[in-house]
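Data first, discussion second: the structure below is written as structure tokens.
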Amino acid sequence: RKKAPNAEDIRARKGDDPLVSLTAYTTPMARLMDNHCDFVLVGDSVGMVLHGLSSTLGVTMEMMILHGQAVARGLEAAMMVIDMPFASYEESPEQAFRNAAHLMAETGAGAVKLEGGVEMADTIRFLVKRGIPVMAHIGLTPQSINTLGGYKVQGRDEQAEAVLADAHAVTEAGAFSVVLEKVPQGLADQITAGIAIPTIGIGASAGCDGQILVVDDMLGFFTAFKPKFVKRYADLGPLAEAAIAEYAAEVRARNFPAAEHVFADHAPTKGPKS
Ligand code: KIV
Ligand code: NA
């Protein structure tokens, strides 16, 4: 089995074969993707996808640590990256270092991801200089939903310069890669061509150096809404509900458990095994 890549291995994949990534929050899902992904992100999307929160703002360090530990148990071949939750890094580089180090120490993640471009460049530099690899996340940054005013495309028309500046700022600050979320295709291609670190697209462009999706979105488990950039590779939510409905009907009809699921009153007599 191959050894998991580290942040420098990921950085070195710039311009190479596309990097493959998904989010995971649990051990069994991490196991399913371990041999198919270069890195797995313990995303703060966990709050919306598994905990029913209406945004990522309520996600805590404790939640990230618990899910990070679960994912780590399911990974051997893929690298693990973990999101810094809202309010765990924005206050100061020192606060960011303290919480990033805590996340890595508790979970074994090989890098952290945080949201922000120009305004986070000093923080990224502070972390990287002190041994913490950082994946940046620009374009649509869901932790800023209240100031962005909605989950809108970021970087169209006169907004493009700002996103481009963010991409250069996080690169110069030492990020080993950058997620581009919900930015126009042409801008994503321009950024990918213009910076020296891999771009990881989600709602960006097939020309990015890699792609990421939220696993519950692409498997059809999360159905509260479906962004345009999500492709449902399977529709497991309805399949799961059909199975649950069948179970309920069989219990009500006393058709479950059946003979093969129940135990006899007496132990089977011992005899030669056939
Ligand atoms: O939390 C998350 O799932 C993410 C990805 C969508 C990049 O940040
Ligand atoms: Na996230």
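The values are calculated or read from the model by the stated rules, or taken from the named source; none is laboratory data. Quick caveat: nothing in here was measured; it's all calculated off a predicted structure. Using ideal geometry, Cβ is built from the backbone for each residue, glycine included, and neighbour counts are taken over all protein chains shown.
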Top-ranked residue of the stretch 33-63 - restricted to ones that are away from ligand 2 (no atom under 16 Å from the Cβ) and in contact (Cβ under 8 Å) with a residue 60 or more places away in the chain, ranked as nearest to Tyr89 (Cα to Cα): Asp38
Of all residues in the stretch 5-54 being away from ligand 1 (no atom under 16 Å from the Cβ) and either under 16 Å from Gln69 (Cβ atoms) or of a type in the set (Asp, Glu) (or both), the one that is surrounded by the most Cβ atoms within 10 Å (Cβ to Cβ): Asp34
Members of the stretch 112-131 found to be over 21 Å from Ala160 (Cβ atoms) and away from ligand 1 (no atom under 13 Å from the Cβ), listed by number: Asp122, Thr123, Ile124, Arg125, Phe126, Leu127, Val128, Lys129, Arg130, Gly131
Cross-chain or 6+ apart pairs with Cβ under 6 Å, the stretch 215-227 first and closer than 18 Å to Tyr151 by Cα, then not in a loop (DSSP other than H, G, I, E, B): Phe222/Val49; Phe222/Asp216; Thr223/Gly237
Answer from Ala30, Ala87, Ala70, Ala96 - the residue that is at pLDDT 95 or above, within 16 Å of ligand 2 (Cβ to nearest atom) and part of a helix (DSSP H, G or I): Ala96
Residue in the stretch 173-181 that is part of a helix (DSSP H, G or I) and out of contact with any Lys or Arg (no Cβ under 8 Å at 6 or more places or on another chain) present: no
Single match in Thr171, Thr141 (criterion: within 16 Å of ligand 2 (Cβ to nearest atom) and either of a type in the set (S, T, N, Q) or closer than 18 Å to Ile10 by Cβ (or both)): Thr141
Filter result for the condition that a residue is surrounded by 17 or more Cβ atoms within 10 Å (Cβ to Cβ), within 15 Å of ligand 1 (Cβ to nearest atom) and farther than 27 Å from Ala169 by Cα, over Val81, Val71, Val134, Val59: Val71
Within the stretch 137-156, tally of residues that are β-branched (Val, Ile, Thr) and surrounded by 24 or more Cβ atoms within 10 Å (Cβ to Cβ): 1
The stretch 106-122 - residue that is more than 16 Å from ligand 2 (Cβ to nearest atom) and more than 19 Å from the chain's Cα centre (by Cα) and, of those, surrounded by the most Cβ atoms within 10 Å (Cβ to Cβ): Ala121
Leading residue by the ranking (nearest to Asp38 (Cα to Cα)) among those in the stretch 109-162 that are of a type in the set (Ser, Thr, Tyr) and outside any helix (DSSP H, G or I): Thr141
